[in-house]
1. Do we find a residue being in a helix (DSSP H, G or I), modelled with pLDDT of 80 or more and among the aliphatic types (A, V, I, L, M) anywhere in the range 54-74?
2. Mind checking which pairs have a first residue in the range 56-80 that is under 27 Å from S39 (Cα atoms) and a second that is surrounded by 10 or more Cβ atoms within 10 Å (Cβ to Cβ) and at pLDDT below 70, Cβ under 7 Å, 6 or more apart or different chains?
3. Condition test on W41, is it touching a Ser or Thr at 6+ places or on another chain (Cβ under 8 Å) and modelled with pLDDT of 70 or more?
4. From the residues in the range 18-38 that are in contact with a Leu (Cβ under 9 Å, 6 or more places away or on another chain) and assigned to a helix (DSSP H, G or I), which one is modelled with the highest pLDDT?
Amino acid sequence: MFLAVVIRRLTRLLPVCIVLSIAMGVQSARAQGPAQWKSEWPRTDLSRATVPLGQIRSVIGKDRISAIDKPRFAPVRSAA
């Protein structure tokens with residue numbers, strides 16, 4: 001009974017959490033731009049870009065995606 005109440009409340013909060021996470025992602029994308037890219041990729045010549053830099057949206061900065069150190073593989077049958 002208690003678990004059902006908790007699950008019901010969490011499912012009500014899920015849309016709010018999704019909207020907030022999208023909004024925060026948009027804000028971080030706006031915060032990153034060519035000035036930050038120059039500090040993250042100092043050896044990259046941004047003047048040679050064929051696309052205007054203002055049209056590029058970056059959500060995740062350099063080296064912010066964690067590596068998969070110990071992947072676990074499963075047979076297709078068990079994954080389905």
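1. Checked against the condition, which is being in a helix (DSSP H, G or I), modelled with pLDDT of 80 or more and among the aliphatic types (A, V, I, L, M), the range 54-74 yields no hits at all.
2. R57/A29; S58/A29; S58/Q32; V59/G25; V59/S28; V59/A29; G61/Q32
3. Details: touching a Ser or Thr at 6+ places or on another chain (Cβ under 8 Å): no; modelled with pLDDT of 70 or more: yes.
Spelling it out, it is not the case that W41 is touching a Ser or Thr at 6+ places or on another chain (Cβ under 8 Å) and modelled with pLDDT of 70 or more.
4. So the first thing to find is which residues in the range 18-38 are in contact with a Leu (Cβ under 9 Å, 6 or more places away or on another chain), and the list is 33-34, 37-38.
So of that shortlist, the ones also assigned to a helix (DSSP H, G or I) come out as 34, 37-38.
Values: P34: 74, W37: 76, K38: 79.
Going through the qualifying residues, I end up with K38.
The values are calculated or read from the model by the stated rules, or taken from the named source; none is laboratory data. The structure displayed is predicted, hence computed values, not measured ones. For neighbour counting, all protein chains shown are included, and Cβ atoms are generated from backbone atoms with ideal geometry for every residue, glycine included.
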